[in-house]
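Scroll down for the structure; my scribbles are underneath it.
The values are calculated or read from the model by the stated rules, or taken from the named source; none is laboratory data. Source: prediction; values computed, not measured. In this analysis, Cβ positions are derived from the backbone assuming ideal geometry, glycine residues included, and neighbour counts consider all displayed protein chains.
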Amino acid sequence: MKSFDIDELKSTIEKDGFADLTGLITSNCIKEINSKIEKAMNQPHCNGARGYIKQGCQRYLADTLTYGKEIIDVYTNETLIELAEKYSSDKVHLSNYRIYSTYPSEDFKMWWHLDNKIDTYDFENNCFVQEVVPDDKGLIFLMYLSDVEDGGVQLVKGSHKWSRNHDCEGFDHMENDFHKEIVTFNNRPKGTFIAYDYATIHRAKPYNGGQVRTSMFGQLSPSRMPVGEPILLNTRDLNGLTKKQKQVLNFGQEPSTLNWPIGEINELCSSQKQKFDLKEKFKNLFR
């Protein structure tokens, strides 16, 4: 594992809005994570069958933290947590987290946005509600679990210094103003690891062909902010967790929203119907 100077990383994020921590997680760890999630990322999450939840052109791994201690150790990595706490001047906790695969799409284009906001779930209207909090200050990390040729993360260098002055989440209308400051992490190997201030304007680069991109995402928020999403762990992995890991994983805290995304029933039914039709087809072959 590569070592990093925390003060240097903090200064880089303060200046540019992001820092490159590639090498923080070993290739063996990434290989183990991919091995443990491979089957689940290829079947829908349904009726006890652990798998993915589909949202647009993306598949999100359900119960992300239950697949292995290796995943927990990435989200609670000592260097990452020390950097996040020094940057936010506060203790931090994991408020949002995902492992997901993005598929090339002719239809989907991610908007330029920021993430210094509070997510809550409105049970009455069955939807997530977002509130931008300009003074919120924390870190997001993104790590590639696959080699990425296209569709990589794009960050607007230095935008964390001025984005808080705008009372909005989306910034597509300003792309012409900041296009020269866009940094794109394409043609990067698995293990590429970027940490950024979540007021940095960003998106996944739109792409309509090529390879699927699988990534690991986490948002580390200061203690003054809401807890965030529920965190589910496998009891197998509880022994040996440190006090700091328990803090980051919100032990004893009530979640303030639900896990995103919540799958749409039509996507699930469509997938299950395809499986049923395939079974019937093979049955008929042998009648």
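On the stretch given as region 200-218, residues that are among the small types (Gly, Ala, Ser) and assigned to a loop (DSSP other than H, G, I, E, B) total 2.
On the basis of being out of contact with any Ser or Thr (no Cβ under 8 Å at 6 or more places or on another chain) and over 29 Å from Val227 (Cβ atoms), does Lys39 make the cut? Yes; evaluated as a whole, the condition is true for this residue. Among the numbered conditions (1) modelled with pLDDT of 95 or more; (2) over 30 Å from Trp162 (Cβ atoms); (3) touching a Leu at 6+ places or on another chain (Cβ under 8 Å), the only one that Cys46 does not meet is (1). Of the strands (runs of 3 or more DSSP E) lying entirely inside region 117-164, the ones with 2 or more residues being within 19 Å of the chain's Cα centre (by Cα) and either of a type in the set (Gly, Ala, Ser) or surrounded by fewer than 19 Cβ atoms within 10 Å (Cβ to Cβ) (or both) are found at 117-122, 127-132.
Scan region 70-116 for residues that are part of a helix (DSSP H, G or I), of a type in the set (D, E, K, R) and surrounded by 17 or more Cβ atoms within 10 Å (Cβ to Cβ) and the total you get is 2.
Pull up region 189-204, narrow it to residues that are of a type outside the set (Val, Ile, Thr) and in contact with a Leu (Cβ under 7 Å, 6 or more places away or on another chain), then point me to the one that is modelled with the lowest pLDDT. Out of the qualifying residues, it is Tyr198. Taking region 22-63 as the range and being surrounded by 15 or more Cβ atoms within 10 Å (Cβ to Cβ), of a type in the set (Val, Ile, Thr) and more than 20 Å from Ala204 (Cα to Cα) as the test, the residues that pass are Ile25, Ile30, Ile33, Ile37. In region 1-32, which residues are part of a helix (DSSP H, G or I) and within 17 Å of Val148 (Cα to Cα)? Listed by number, the residues that qualify are Ser27, Ile30, Lys31. Selection within region 222-274: residues that are part of a helix (DSSP H, G or I) and surrounded by 16 or more Cβ atoms within 10 Å (Cβ to Cβ). The member of this set that is modelled with the lowest pLDDT is Ser271.
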